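One structure is given below, encoded as structure tokens.
Please treat every number below as a calculation from the coordinates, not as lab data. Bear in mind the structure is a predicted one, so any value in this text is a computation, not a measurement. Cβ sites come from the backbone with ideal geometry, for glycine too, and all protein chains shown count toward neighbours.
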Amino acid sequence: MHNAPPEVLISEVGPRDGLQSIQATMPTAHKLRWIDALVAAGLREIEVGSFVPPRLLPQMADAPAVVQHALKHPGLTVMALVPNRRGAEAALASGVHKITLPVSASEAHSLANVRKTREQMLDELRAVHALRRDAVPGVAMEVGLSTAFGCTLQGAVDEDDVIRLAVACAEAGADEVGLSDTSGMAHPLQVRRLFTRLRAELGERAGAAHMHNTRGLGLANCLAAYDVGVRTFDASLGGLGGCPYAPGASGNVVTEDLVFMFEAMGVRTGVDMEQLIVAREPLKAGLPGEPVYGMTPEAGLPKGWLSNTTSAT
């Protein structure tokens, strides 16, 4: 049974969400080594970069080269973030398998993050959908609905607004719409409630849980999402990253801790914990002095871990 298919998909967002949130720029050669190490650990979907103007995010200037390298790995879904149609054109030309667009549930965050209102982002989404449909219909398109659980700029975000916007994104052409706790304000009861509503409205088109550990609830929120049927989870190796336009909202969920939680529960991720911890080395080498997080790598794996997971799967 050890080769049974994974039950959850861990989507690694460190090379994009992680790297764009820090001041330092990781050299391209280190990025490529890091991605190779992530693939070797068994990760099957990696957000490798974003297609934005280099003057805005110099950390992402090498996105086309990184995509080209990542595409050499068979079985890997290579994903990139695109903020608009121009970014989508560049991403699609590079050969990515999947694009993701940032649509904010909070109007204030939308204006700060992409300098567009929510309605303007829906227009952008329709334009990108038309481009994708006509040029490369095989490429998947998803939306991560940011600030879905609250916003550092405007405070509470109305849950009805979140669901309405999620439905509008699906109608505008998104294959999947997930919910992102950009500001790290979510709690498990809220996560259960919103994802239950999202799945009731969108069914199979309800997408990933993107949680932050800003207030220490990242794993609890992922488990709450899992309990109501979510099976795709974004995470960042070493907990790298946050949102540069959500003040104080550091801390993506740590991939190593998330994988450990699921595997310890007997939920297959397809990821090898020992190789995942090894994948921290090229990350640290490429960003010397940058703090990396994670309880599991610091504590080490429990005695007998390999036999435990083998018998559980």
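Key figures for this structure:
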{"read-out": "Intensity falloff of segment 1-69 expressed as log10 I(q)/I(0), Debye formula with alpha-carbon point scatterers, at q = 0.27 Å⁻¹", "value": "-1.28"}
{"read-out": "Antiparallel bridges, percent of DSSP beta bridges restricted to the chain (to nearest 5)", "value": "10 percent"}
{"read-out": "Among Thr152, Gly218, Met265 the positive-end extreme of the charge dipole of the chain (Cβ point charges)", "value": "Thr152"}
{"read-out": "Alpha-carbon Rg with Dmax, taken over segment 84-172, Å", "value": "13.4, 40"}
{"read-out": "Coordinate range along principal axes, alpha carbons of segment 167-220, Å, largest first", "value": "34, 17, 14"}
{"read-out": "More than 30 Å apart - percent of Cα-Cα pairs taken over the chain", "value": "26 percent"}
{"read-out": "Net charge of neighbours whose Cβ lies under 10 Å from the Cβ of His73, counting Lys and Arg as +1 and Asp and Glu as -1", "value": "+1"}
{"read-out": "Within-13-Å neighbourhood charge of Glu124 [Cβ basis; K, R +1; D, E -1]", "value": "+4"}
{"read-out": "Relative contact order [Cα under 8 Å, 6+ residues apart], segment 1-109, whole percent", "value": "24 percent"}
{"read-out": "Percentage relative contact order, the chain, counting C-alpha pairs under 8 Å, at least six apart", "value": "21 percent"}
{"read-out": "Spread of Cα-to-Cα distances over 5 Å intervals beginning at zero, given as percent, for segment 1-158", "value": "2, 9, 17, 20, 19, 16, 11, 5, 1, 0"}
{"read-out": "Residue with peak Gaussian network fluctuation, the chain [Cα springs, cutoff 10 Å], from Lys116, Lys31, Lys303", "value": "Lys303"}
{"read-out": "Sequence-distant lysines (8 or more away, or on other chains) whose Cα lies within less than 30 Å of Lys303", "value": "Lys284"}
{"read-out": "Amide hydrogen neighbours beyond the local backbone of Leu145, cut-off 5 Å, H modeled", "value": "Gly178, Leu179, Ser180"}
{"read-out": "Residue among Asp17, Asp234, Asp175 with the largest mean-square fluctuation in a Gaussian network model of the chain, springs linking Cα atoms under 10 Å", "value": "Asp175"}
{"read-out": "Shape of segment 147-255, Cα gyration tensor, a/c cut at 1.5", "value": "prolate"}
